[in-house]
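Since every read-out is calculated from the coordinates, none of them should be taken as a lab result. None of these values were measured; they are calculated from a predicted model. A quick note on method: Cβ atoms are made from the backbone with ideal geometry, for glycine too, and the neighbour counts reach across all protein chains shown.
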Amino acid sequence: MTEERRIITMLVENEPGVTARVAGLFARRGYNIETICGAPTANPKMSRITITLWTREEQFELVMKYLRRLINVIKVRDMTGEKAVRRELALICVRAGQENRAEILRVVESFRGRIVDTGRTHYILEVVGGPDKIAALLQLLEPMGVKKLARSGVLALYREPG
């Protein structure tokens, strides 16, 4: 079986050390976390942790089982399917000389991104979307010279019925 990108979200108690225990579970079992993002929810006693990883189906099932056993974990869900809304934020610093400024603006606009900082030789761009959208934008900007990149990691919520 081949590996595929999987997204897990979990509700956990908002207490010190919980994120470290979750990350430690992955490290002990030799699973590589591609992205991890955690923050408090609307309920200040709980946090949501979203993890992206590449894994085979049987490994993924084991990960889900291990996570459900952890103390402080309230709920674990697979967010890989179509029933979830997934987004990521990327800040991209790209070289912007006189010769390519118009092209950068055109590309960013086509991805519904925006310029958040302008300098004599650079733009810093902000784009929100799925990981594939961000990867496609990066591929178009690469020839112009991506200087720096910061990505938030995937955030996900299940769609509400109706």
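Table for the structure above
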read-out	value
Dimensionless Rg ratio for the range 84-158, taking C-alpha atoms and the 2.2 N^0.38 Å reference	1.09
Cβ-Cβ FRET estimate between Ser152 and Glu57, R0 fixed at 35 Å, reported to 0.05	0.85
Stokes-Einstein D in µm²/s, Kirkwood radius over Cα pairs - the chain at 10 °C with 1.306 mPa s viscosity	91
Equivalent ellipsoid, the range 28-106 (semi-axes from 5 times Cα gyration tensor eigenvalues, Å)	35, 18, 12
Inter-label distance for Leu89 and Glu109, nm, one decimal - labels placed 7 Å from Cα along Cα-to-Cβ	2.5
Neighbourhood net charge (15 Å Cβ-Cβ; Lys/Arg +1, Asp/Glu -1) for Arg159	+1
The range 108-113 - phi-based ³J(HN,Hα) in whole Hz, Karplus 6.51/-1.76/1.60, Gly and Pro as x	4, 4, 5, 9, 6, x
Amide H within-cut-off set for Glu34, under 5 Å, with H built and near neighbours excluded	Thr52, Leu53, Trp54
Local electrostatic count at Asn14 - Lys and Arg +1, Asp and Glu -1, tallied over other residues with Cβ under 13 Å	0
Residues Asp117, Asp78, sorted so that the one with the fewest Cβ neighbours within 10 Å comes first	Asp117, Asp78
Expected 222 nm ellipticity per residue - DSSP helices of 4 or more, -39500 (n - 2.57), all of the chain, to 500	-8500 deg cm²/dmol
